[in-house]
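Everything on this sheet refers to the single structure shown next.
The values are calculated or read from the model by the stated rules, or taken from the named source; none is laboratory data. Model, not experiment: these values are computed from the prediction. Positions of Cβ are backbone-derived with ideal geometry, glycine not excepted, and every protein chain shown enters the neighbour counts. Accessible surface is based on the protein model in full, side chains and every heavy atom, while ligands, DNA and RNA are left aside. Shrake-Rupley method; radii C 1.70, N 1.55, O 1.52, S 1.80 Å.
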Amino acid sequence: MQGVIMAGGKGTRLFSITRDLIPKPMAKLADKPIIEHAVECMVKNDIIDITIIVGHLGELIEQYVGQGDRWGVNIKYIYEQSPLGTAGALYYLRDSIKDNFALIYADILLDVDLNRMLAFHISKDAEATLLVHPNSHPFDSDLVILSDDLQVMAFDYKGNVREYDYDNCVNSGVFIFSPQFLTRINAPEKIDLEKQLLRGMVENNEAIYGYYSPEYIKDVGTPERLQIAEEEYLKGIVAAKNLKIKQKCVFIDRDGTINVYHGLIVTPEEIELLPGVAQAIRKLNQSGYLTIIATNQPVIARGICTIEELKGINKRIKTLLGKEGAYIDDLVFCPHHPDRGYPEEVEEYKIDCDCRKPKIGMLTRCAECYNIDLSSSWYIGDTYRDVMTGKNAGTGTILVCTGEKDGGKKFDVVPDYFKDSLLDAVELILNP
């Protein structure tokens, strides 16, 4: 795999730091320029041929980075004589790119297993793969709409009016392209990568996919975001979230723990976040823990809610959290219910599965997908079924009193801790 770093642009949002004396990628983050973090990410992924596309004050980047000798890689440069957007300068790579190549923007801080992403790209026989993830401000971000097979179906740009619930799924600024992608660029002219090339591929139903990852990728294009990213870098959060490293996760039940318990919920309108939930999840987002909702949803097997309707309910949760600056890394559910005798029940879901809590199929599949160490993780819920799930999976367990309060009638198990709310539980985990 070859590498491309887009390091042009004037960086007007960082003017208070650059003063137009240095290019944006030369702004310091933890005593090294942003561009150096990008190069190091590629080096960690065994990428030895890197092209840096530069523009305004680009010679300062070349003077600092050089030809890659200090990292044992080969670095060359393409200079934009006039701004060519986010894709126009790729025209000059058409003769030199022979393999799949990773492209990243130089105004992000990241630590990502790009080889894992490459394996996904190859498995999909994709021409273009976008790394997508949730963030803390989806309401003013460009959203990516994926199919169940993770093909990109549409983009919803941040300027659009959104009077609907949505998945918190955002383009991160990290891509892998096949060499034939470059044949789409016929001249060195100003081209927008996302709004022209990628959108055109989507509209033609071509092979463009979204690779979902909870790894650390943040825009550092403003002084405020740069400062936050630096703090998280110095705490070790950035490196720790690379999926090459074992992750720790807080699994959370849904009804009665995240949202007010109303029995079986079958419409988005019934979702009401419990007090303090968004604050608790924001704290987890900033801590290095993954945050995954894992919930039994027998409404599917009982035939009172379809899979698509359930997805709509879950989108409501993600939308409400996003409006308060919080996000979950994933939401998994079990649609099965083995008990029979309900009027509208759906036969295909009336099975004794391995994922219905207190069985641990949901958790083990997440552990495999995200390289999670269950013994360093937690399960928080409002019932003793949740506690038993955590015990069976080998996680720590916390029972909160915000939901069913089932009194332990069905499961002979004692949680590690009792807490009043999700926020109290998270405080305990983060400040033992």
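Give the residues of the stretch 40-99 that are of a type in the set (Asp, Glu), free of Cβ contacts under 8 Å to residues at least 40 places away in the same chain and touching a strand residue (DSSP E or B) at 6+ places or on another chain (Cβ under 7 Å), sorted by residue number.
Scanning the stretch 40-99 gives a single hit, GLU62.
Name the residue that is farthest from TYR233 (Cα to Cα), counting only residues in the stretch 18-36 that are outside any loop (DSSP other than H, G, I, E, B) and open to solvent by 10 Å² or more (accessible area, probe 1.4 Å).
LYS24
Restricting to the stretch 348-379, count the residues that are closer than 23 Å to PHE418 by Cα, of a type in the set (A, V, I, L, M) and open to solvent by 20 Å² or more (accessible area, probe 1.4 Å).
Total satisfying the criteria: 2.
In this structure, is PHE181 out of contact with any Lys or Arg (no Cβ under 7 Å at 6 or more places or on another chain) and in contact (Cβ under 8 Å) with a residue 60 or more places away in the chain?
no
Restricting attention to the stretch 380-408, report how many residues are among the acidic types (Asp, Glu), touching a residue at least 40 places away in the same chain (Cβ under 8 Å) and either part of a helix (DSSP H, G or I) or surrounded by fewer than 16 Cβ atoms within 10 Å (Cβ to Cβ) (or both). Spell out how you get there, then give the answer.
Just the residues of the stretch 380-408 that are among the acidic types (Asp, Glu), to begin with: 382, 386, 404, 406.
If we keep only those that are touching a residue at least 40 places away in the same chain (Cβ under 8 Å) too, we end up with 382, 386, 404.
Checking the rest, the ones that are also either part of a helix (DSSP H, G or I) or surrounded by fewer than 16 Cβ atoms within 10 Å (Cβ to Cβ) (or both) come to 386.
Result for the stretch 380-408: 1.
Based on what the data block shows, is PHE155 open to solvent by 30 Å² or more (accessible area, probe 1.4 Å), modelled with pLDDT of 95 or more, assigned to a strand (DSSP E or B) and among the hydrophobic types (A, V, I, L, M, F, W, C)?
Values: open to solvent by 30 Å² or more (accessible area, probe 1.4 Å): yes; modelled with pLDDT of 95 or more: yes; assigned to a strand (DSSP E or B): yes; among the hydrophobic types (A, V, I, L, M, F, W, C): yes.
It is true that PHE155 is open to solvent by 30 Å² or more (accessible area, probe 1.4 Å), modelled with pLDDT of 95 or more, assigned to a strand (DSSP E or B) and among the hydrophobic types (A, V, I, L, M, F, W, C).
Got at least one residue in the stretch 212-223 being part of a loop (DSSP other than H, G, I, E, B), within 16 Å of HIS133 (Cα to Cα) and open to solvent by 40 Å² or more (accessible area, probe 1.4 Å)?
no
Residue-by-condition table, conditions (1) open to solvent by less than 10 Å² (accessible area, probe 1.4 Å); (2) over 15 Å from the mean Cα position of the chain (by Cα); (3) at pLDDT below 95; (4) among the β-branched types (Val, Ile, Thr):
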residue	(1), (2), (3), (4)
LEU109	yes, no, no, no
SER123	no, yes, no, no
ALA126	yes, yes, no, no
ASP140	no, yes, yes, no
SER147	no, yes, no, no
GLN151	no, yes, no, no
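Name the single residue, out of those in the stretch 342-359 being touching a residue at least 12 places away in the same chain (Cβ under 8 Å) and within 29 Å of the chain's Cα centre (by Cα), that is farthest from VAL387 (Cα to Cα). Let's see the steps before the verdict.
Taking the stretch 342-359 as the starting set, the residues that turn out to be touching a residue at least 12 places away in the same chain (Cβ under 8 Å) are 342-346, 349-353, 355-359.
Of the ones still in play, those that are also within 29 Å of the chain's Cα centre (by Cα) are 353, 355-359.
Numbers: CYS353: 19, CYS355: 15, ARG356: 13, LYS357: 10, PRO358: 8, LYS359: 11 Å.
Looking at the filtered set, the residue picked out is CYS353.
Can you tell me which residues in the stretch 236-274 are of a type in the set (A, V, I, L, M) and either under 25 Å from ASP165 (Cβ atoms) or open to solvent by less than 10 Å² (accessible area, probe 1.4 Å) (or both)?
Once the filter is applied, which keeps residues that are of a type in the set (A, V, I, L, M) and either under 25 Å from ASP165 (Cβ atoms) or open to solvent by less than 10 Å² (accessible area, probe 1.4 Å) (or both), the stretch 236-274 yields VAL238, LEU243, VAL250, ILE252, ILE258, VAL260, LEU264, ILE265, VAL266, ILE271, LEU273, LEU274.
Looking for whichever is modelled with pLDDT under 95, assigned to a loop (DSSP other than H, G, I, E, B) and more than 30 Å from LYS350 (Cβ to Cβ) here; the options are GLY263, GLY288. Which one fits?
Within the list GLY263, GLY288, the selection yields GLY288.
All but one of (1) assigned to a helix (DSSP H, G or I); (2) over 16 Å from the mean Cα position of the chain (by Cα) hold for GLU206; state the number of the condition that does not hold.
(1)
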